[in-house]
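Worksheet: one structure, shown below.
Throughout, read-outs are computed from the coordinates displayed, never taken from laboratory work. Note that the structure is predicted; figures quoted are calculated from it, not measured. A quick note on method: Cβ atoms are made from the backbone with ideal geometry, for glycine too, and the neighbour counts reach across all protein chains shown.
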Amino acid sequence: MAKVLKYAVGLDIAKDKFDACLVLIDETQKATIKSSKSSIANSLKGFQELLSWARKYLSKDIPSIFCMEATGIYYEQLAWFLYQQSYSVSVLVPQKAKYYIRSLGIKSKDDKTDAKGLAIMAAQQSLKEWKPVSNQIYELRQLTRFYQQLQDTRTQLRNQLQTLVCGRMENDTVADGLKDLIAVTEEQIKEIAAAIERLLKEDPALWEKVENINSIKGLGLISIATVIAETDGFALFENQAQLVCYCGYDVIRNQSGKRIGRSKISKMGNYRIRRILFMPAFSVVKYKIGYFAELYERVYNRTMIKMKAYVAVQRKLLILIYTLWKKNESFKYEMYPEMGTRLLSFR
């Protein structure tokens, strides 16, 4: 009988429940499914039920790992629970797991099948172990998301007020109420922005990284904070390609033989990052900030589609933020009369 080298538990997590599959891999590199469990409650009671089931098969003498995808926030409580129980946990960006499961020849798409694919992947590969983000990053995410919600609320209230003013009759009571709500919301937006800045400054090392990234003209503090918060400080990413896929900027090409269809970004990722990078991309193009303005012109001249050009700039900004974060370096600009503001190098 072949010696068992490793146990792996794949977990496909949804808001209210998750599915689990336990796989072992032996010295012949054969992955064998030992057991599966469906519809476990995504709650503390469900987590304890998961461990009771898994411990029937796991051995203290054989390495084991629990593997899951970073699906929104639904995975966080289970990952933290397993981490506290001293189990190895791996959290994957969804695209990485998706393409690996496809490579196994698994064509079906359901919770049970995804759990199986994650288990096999964790058994066959040496995955990076997950570590919980700091309380500071978690708090930063709450603040930046609330900031975006307040902006949405202000926009809705302004639209309601505009509709009222342009309508056949304007009720003064309703108009005054909307104006008061807008004023309160704007005050809250200022307070949350100040709270975000205070939180970033609490950690000198984090603030240094933020200031380095802020050396890119056109990027604001809120934009930088949102990208950092939504990526957990880039902890889940090993390279730029994974980050680009996570944010939905990966390009899907539509080509076969002589037929060339329309290419587009997948948008299968974190929409908050794509949203927050739109205005910075618009700013660096509007004010002709070096390489970004040139990139916009190049893409626009090729496609004659403004949005494609702006998306290309957003993608480049994201990669630049990631690079500066990893290298802990700032950017420097040099002026050339014949070229405008040209992006040259890292400091």
Worksheet, complete the sentence: Contour minus Cα-Cα span, Thr71 to Gln29, at 0.36 nm per residue, comes to 12.2 nm
Worksheet item: Under a plain spin-label model, where a point goes 7 Å from the Cα along Cα-to-Cβ, how far apart in nm are Glu186 and Val251?
Response: 4.2 nm
Discussion item. I need Phe66, Phe331 ordered by Cβ neighbour count within 10 Å, fewest first.
Written reply: Phe331, Phe66
Worksheet item: If you average 1/r over all unlike Cα pairs in the range 59-203 and invert the result, what Kirkwood radius do you get in angstrom?
Response: 19.5 Å
Fill in: Average silhouette area of the range 1-134, convex hull of alpha-carbon atoms, in square nanometres
7.9 nm²
Worksheet, complete the sentence: Ranking Gln151, Thr185, Gln162 by how far each Cα lies towards the positive end of the charge dipole of the range 135-202 (+1 on Lys and Arg Cβ, -1 on Asp and Glu Cβ), the top one is Gln151
Worksheet item: By counting other Cβ atoms within 10 Å of each Cβ, how are Lys217, Lys264 ranked from fewest to most?
Response: Lys264, Lys217
Discussion item. Using Cβ contacts closer than 10 Å as the measure, can you line up Ser64, Ser35 from fewest to most?
Written reply: Ser35, Ser64
Discussion item. With n ≥ 4 as the cut-off for DSSP H runs, can you work out [θ] at 222 nm for the chain, using -39500 (n - 2.57) per run divided by the number of residues, rounded to the nearest 500?
Written reply: -17000 deg cm²/dmol
Worksheet entry | Charge tally in the Cβ shell below 12 Å around Ser134, where Lys, Arg are +1 and Asp, Glu are -1, Ser134 excluded | -2
Item to complete: Treating only the Cβ atoms of Lys and Arg (+1) and Asp and Glu (-1) as charged, compute the dipole magnitude of the range 14-170 about its Cα centre; round to the nearest 20 debye.
Response: 240 debye
Item to complete: Quick one: angle between helix 135-166 and the longest Cα principal axis of the chain, in degrees between 0 and 90, rounded to 10, please.
Response: 50 degrees
Response to the item:
Between [x] 21.2, 75; [y] 24.2, 84; [z] 22.3, 73, the structure-derived Rg and Dmax of the Cα atoms in Å is [y]
Fill in: Pair Tyr271, Glu197: separation of 7 Å Cα→Cβ label points (nm)
3.0 nm
Worksheet item: Projected onto the charge dipole of the range 135-202 (+1 at Lys/Arg Cβ, -1 at Asp/Glu Cβ, origin at the Cα centre), which of Ala194, Gln142, Ala175 gives the Cα projection farthest towards the positive end?
Response: Gln142
Worksheet, complete the sentence: Excluding residues fewer than 8 positions from Lys60 in its own chain, the lysines with Cα under 22 Å of it are Lys3, Lys6, Lys30, Lys34, Lys37, Lys128, Lys131
Item to complete: Report the net charge of residues surrounding Thr173, where surrounding means a beta-carbon distance below 12 angstrom and charges are Lys +1, Arg +1, Asp -1, Glu -1.
Response: -3
Worksheet item: Where nothing but the Cβ of Lys and Arg (+1) and of Asp and Glu (-1) is charged, how large is the charge dipole of the chain around its Cα centre, in debye to the nearest 20?
Response: 1640 debye
Practice prompt. Report the net charge of residues surrounding Phe234, where surrounding means a beta-carbon distance below 14 angstrom and charges are Lys +1, Arg +1, Asp -1, Glu -1.
Written response: +3
Worksheet, complete the sentence: Excluding residues fewer than 8 positions from Lys179 in its own chain, the lysines with Cα under 24 Å of it are Lys190
